[in-house]
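Worksheet: one structure, shown below.
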Amino acid sequence: IPPLDRCHCNKIINVIHFTCGPGSGKGTQCEKVVAKYGFTHLSSGDLLRAEVSSGSERGKQLAAIMEKGELVPLDTVLDMIKEAMIAKADTSKGFLIDGYPREVRQGEEFEKKIGAPSLLLYIDAKAETMVKRLMKRGETSGRTDDNEETIKKRLDLYYKATEPVIAFYEGRGIVRKIDSEGSVDQVFSQVAKAIDSLK
Ligand SMILES: Nc1ncnc2c1ncn2[C@@H]1O[C@H](COP(=O)(O)OP(=O)(O)OP(=O)(O)O)[C@@H](O)[C@H]1O
Ligand SMILES: Nc1nc2c(ncn2[C@H]2C[C@H](O)[C@@H](COP(=O)(O)OP(=O)(O)O)O2)c(=O)[nH]1
Ligand SMILES: [Mg+2]
């Protein structure tokens, strides 16, 4: 992967990280953000699942990690995001990056290799709500990690590794906390307000 040169960096405006727990509704909200603002949506989980589906050797290694609900190596996911950003850098109005950073070190590396985010959206959901939604999604999602045991591990890891990311960016004043307990549209109106505050 070539380095993102200055020219690319200047064009990468509006990097929005979407960092919250599994099942909090990121994917659902991202679709609505794309429809309204035309940003490029990149989901680290979707990029990784695409690699798994390709049947590559790397995909097989990733599948084993994801099935257990653990984090894949930092460089693998950052390379995938960077590659996807470079492909869209000339035409994108902004990037909405869902599921990343998942640990403070990922955020630090992203800034070193790509740039600083302008906003971090955080949907605050109760553990009970997340579990309930994921169990329900598991009835039809076909995802190997939407089962009771792996959901528990994903939640534990979220509290241990990902919540500190929010505190890290709170120090910079770019975190917008969103309450998840309403309807999809109520959640979206808070998301839209946060994005509009960037203008
Ligand atoms: N930034 C990341 N760093 C490391 N591993 C990741 C990252 N993003 C995704 N993964 C891997 O992919 C799996 C699925 O991620 P994904 O973001 O799709 O699920 P999630 O956070 O549990 O939330 P949801 O499916 O509810 O959006 C994770 O459990 C992890 O193994
Ligand atoms: N009741 C309710 N359910 C919601 C809301 N947003 C998403 N959901 C549902 C849809 C999915 O089945 C499940 C998880 O949503 P998702 O968008 O896949 O979440 P995420 O795992 O990408 O964060 O919860 C929401 O705002 N309210
Ligand atoms: Mg998702």
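Nothing in this text is a laboratory measurement; each read-out follows from the coordinates by a stated rule. None of the values given here were measured: they were computed from a predicted structure. For neighbour counting, all protein chains shown are included, and Cβ atoms are generated from backbone atoms with ideal geometry for every residue, glycine included.
Just the number: Rg to Rh for region 2-142, Cα atoms, Kirkwood Rh, two decimals.
Values: Rg = 15.3 Å, Rh = 16.0 Å.
Ratio of gyration radius to Kirkwood radius for region 2-142: 0.96.
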### Query
What translational D, rounded to a whole number of µm²/s, comes out for region 62-142 from Stokes-Einstein when the hydrodynamic radius is the Kirkwood one over Cα pairs, at 37 °C and 0.692 mPa s?
218 µm²/s
### Query
When we measure straight from the Cα of Lys160, which aspartates and glutamates land under 13 angstrom away, once same-chain ones fewer than 8 places off are left out?
Glu70, Glu103
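For region 108-197, state which trypsin sites (Lys or Arg not before Pro) are in a DSSP loop and have at most 12 other beta carbons lying within 10 Å of their beta carbon. Each step should come with its number before you reach the end.
Numbers: sites: Lys112, Lys113, Lys126, Lys132, Arg133, Lys136, Arg137, Arg143, Lys152, Lys153, Arg154, Lys160, Arg172, Arg176, Lys177, Lys193; in loops: Lys126, Arg143, Arg172.
Those satisfying the criteria are Lys126, Arg172.
What does the charge add up to near Glu139, with Lys and Arg as +1, Asp and Glu as -1, over the other residues with Cβ less than 15 Å from its Cβ?
Numbers: positive: Lys132, Arg133, Lys136, Arg137, Arg143; negative: Asp145, Asp146, Glu148.
Cβ neighbours under 15 Å give a net charge of +2.
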### Task
Could you sort out which of Lys153/Lys177; Lys36/Lys136; Lys136/Lys193; Lys32/Lys112; Lys26/Lys82 sit more than 22 Å apart by Cα distance in this structure?
Lys153/Lys177; Lys36/Lys136; Lys136/Lys193; Lys32/Lys112
#### Entry: In sequence order, calculated HN-Hα J values of region 47-55 (Karplus, 6.51, -1.76, 1.60; Hz; x Gly/Pro)
4, 5, 5, 5, 5, 4, 5, 5, x
### Task
Run through all the Cα pairs of region 114-175 and give the fraction in each 5 Å bin from 0, expressed as whole percent.
4, 15, 22, 19, 15, 12, 10, 3
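So between Lys93 and Glu139, what do we pick up on full extension, going 0.36 nm a residue minus the alpha carbon distance?
Details: separation 46, 0.36 × 46 = 16.56 nm, distance 3.56 nm.
Answer, rounded to one decimal: 13.0 nm.
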## Note on the structure
Taking Cα pairs closer than 8 Å and at least 6 residues apart, the relative contact order of the chain in percent is 34 percent
### Message
Suppose each label sits 7 Å from its Cα in the direction of the beta carbon; what would the Ala192-Glu57 distance come out to in nanometres?
### Response
4.9 nm
